[in-house]
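Below is one structure, written out as structure tokens, with a few remarks after it.
The values are calculated or read from the model by the stated rules, or taken from the named source; none is laboratory data. Keep in mind the model is a prediction, meaning the values are calculated, not measured. Using ideal geometry, Cβ is built from the backbone for each residue, glycine included, and neighbour counts are taken over all protein chains shown. These area figures cover heavy atoms from the full protein model, side chains too; ligands, DNA and RNA do not enter into them. Shrake-Rupley method; radii C 1.70, N 1.55, O 1.52, S 1.80 Å.
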Amino acid sequence: MSEQEIKVPDLGGADEVEVIEIIVSAGDSVEEEDPILTVESDKASVELPSPGAGKITKITVKVGDKVKEGDVVGMMEASAGGSDDAGSDEPEEKAEEKEEAKQEEKSEESKPAPKKASGGSRKETVKVPALDGFDNVPVIEINVAEGDTIEADDPLVTVESDKATMEIPSPYAGKVGKILVSEGDKLSEGDELLEMTVQEGGGEEEEASAPASEEPAKEEKPEPRSEEKPKQEAESAPEPQGATYEPPTPGAKVHAGPAVRKLARELGADLARIKGSGPKSRIIKDDVHAYVKSQLKQAQQGTGVATGSGIPGVKLPDFSQFGEVKREAMSRMMFATANNMQRSWLNVPHVTQFEDADITDMEDFRKAQKAAGEKKGVKMTPLPFLLKACATALAELPQFNVSLDMERKEVVRKSYIHIGIAVDTPHGLMVPVIRDVDKKGLWELAAESAELAQKARDKQLKPAEMQGACFTITSLGGIGGTAFTPIVNTPEVAILGVSKAAMKPVWDGKEFQPRLMLPLSLSYDHRAVNGADAARFTTVLSQLLGDIRTLLL
Ligand code: COA
């Protein structure tokens, strides 16, 4: 076995790049293509892969060093049978790809000038710029939401190939309109990202005098990059516990390479909570390890937020000893739902309050709307009434419209009423959110909930349509059951479970009357809500549903 040099391969056009992370150490065994170090140009962070399988004997660069194609960054002993051309250039195929990328970048110059509108702002559809030679790269993060006001260069989405993580910056300052992509979508140059209302920054005169054929201004030629604008200052907050903890700043972007993201995913660490110690506050692997250690320590000491770490896992037996079994990969959604459920269940002290609401009159009224509904093309189910009743109860008992920030020891009170509805779909449970339920009428709620439920079933929901709920309704009424104990959809503090309405004999003081009773199960976070308030909440709901005229009051 002879020692060989590990050299920097073709960098896709970048002259000199900075070493921002060293991933391996002397003595580490690596496979071909395993990442050795991460470098960062002004466009992207890229992992330099090992040219072959073997053992690292030396790394000759350090974080902060600048390297270029052909520089030696370390030495390795190639394992027997491994490639013996360590340090040779990239295969021709890759070089060709990168050449193509350069050509593509050049073609970006010919981008048409933006359309101009009359009233000081204009609509633009932002497209994916050249992606440093990459194609079909999955979106791993959407950094903006519909309605956000952003500056030119603010990151819009983050994409991640197997080699690099790139932020796609906004070419304009303005207001974000419809977001046309979702997490997981694969993007290539020219794909439509989102719509924007762009402010005419330069004033009418300047705009009017600029000929359409003029070279587009700099802001109209976005390039993917791993740089970011300075983060918005976090609100003044108490000192966090643990050196590596940072309270997440709404809208703030994490800055980390693919290997670090992978490590964080594997360890279940939330990158948004980790303070980066690398150049430009980039999160490096050491930060992730330090964060995980500090979280474990806090859990052991009983400080910080309980995460469930330390709870022994369930050991699986070899099921095949009992009979034939098949294993299949969990879908991303199933895995995410499982994690969310476990996180909520472990973090939230749950209590469930039960109540039956007499909906005999409500059902008479609802059924009487059938013809009107057919005319409107909208089906009126019990759900809109439940939404309206919950919105009223949330307004009356605002202690249910909060989230707890245990790190900061604060209660976050919300002045809006957005309600999530759990939708059963063939690919799993999804929870689209209806905004401003308190301001909408029953027909509007019926139409919107049907539309969102259909979008959920068709996998058409945008991330923004699943965010921002204050409270959730999960209705199994169309299926069956008498009661259940739903899990609070954290960081909300309560969820209403609805079971199937049934005729029951109800004593009116003189005799039993047949009444249609709707079983309600309100699970709540006992840290935020006390039992008396929960009983008040279900009582208010049952009164509102028992006499829907009171919904108008
Ligand atoms: N009691 C009796 N009947 C009920 C009812 C209730 N509580 N709720 C709904 N129904 C009836 C409806 O009136 C409708 O009957 P109809 O066709 O005779 O008019 C029928 O059940 C089907 O209603 P559905 O299509 O389910 O509409 P919805 O507006 O009530 O519910 C969703 C919409 C999206 C909530 C529902 O389709 C769904 O997905 N529920 C499952 C949620 C879930 O899985 N939760 C578990 C989370 S762990």
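A few comments on the model shown:
- Options 467, 399, 460: the member that is more than 16 Å from the ligand (Cβ to nearest atom), under 28 Å from residue 140 (Cβ atoms) and surrounded by fewer than 22 Cβ atoms within 10 Å (Cβ to Cβ): 467
- Within the stretch 262-276, the residues that satisfy the criterion of being in a helix (DSSP H, G or I) and buried (at least 20 other Cβ atoms within 10 Å of the Cβ) are 263, 264, 271.
- Which numbered condition residue 474 fails, given (1) in contact with a helix residue (DSSP H, G or I) (Cβ under 8 Å, 6 or more places away or on another chain); (2) within 13 Å of the ligand (Cβ to nearest atom): (1)
- Annotation: residue 410 fulfils all but one of (1) among the charged types (D, E, K, R); (2) open to solvent by 50 Å² or more (accessible area, probe 1.4 Å); (3) within 13 Å of the ligand (Cβ to nearest atom); the unmet one is (3).
- Exactly one residue out of 341, 334, 330 is among the hydrophobic types (A, V, I, L, M, F, W, C), assigned to a loop (DSSP other than H, G, I, E, B) and under 28 Å from the mean Cα position of the chain (by Cα), and it is 330.
- Meets criteria (within 10 Å of the ligand (Cβ to nearest atom) and either assigned to a strand (DSSP E or B) or within 16 Å of residue 551 (Cβ to Cβ) (or both)) for residue 429: yes
- Meets criteria (away from the ligand (no atom under 14 Å from the Cβ), open to solvent by 20 Å² or more (accessible area, probe 1.4 Å) and part of a strand (DSSP E or B)) for residue 491: no
- Criterion (under 21 Å from residue 353 (Cα atoms) and part of a loop (DSSP other than H, G, I, E, B)) met by exactly one of 481, 468: 481
- The requirement of being modelled with pLDDT under 85 and either more than 18 Å from residue 407 (Cβ to Cβ) or part of a loop (DSSP other than H, G, I, E, B) (or both) is not satisfied by residue 317.
- Apart from one condition, residue 52 fits all of (1) in a loop (DSSP other than H, G, I, E, B); (2) of a type outside the set (A, V, I, L, M, F, W, C); (3) open to solvent by 20 Å² or more (accessible area, probe 1.4 Å); the exception is (3).
- Top-ranked residue in the stretch 494-506 [being surrounded by 19 or more Cβ atoms within 10 Å (Cβ to Cβ) and β-branched (Val, Ile, Thr); ranked as nearest to the ligand (Cβ to nearest atom)]: 498
- Residue 448 meets all of the listed conditions (1) open to solvent by 50 Å² or more (accessible area, probe 1.4 Å); (2) more than 8 Å from the ligand (Cβ to nearest atom) but one, namely (1).
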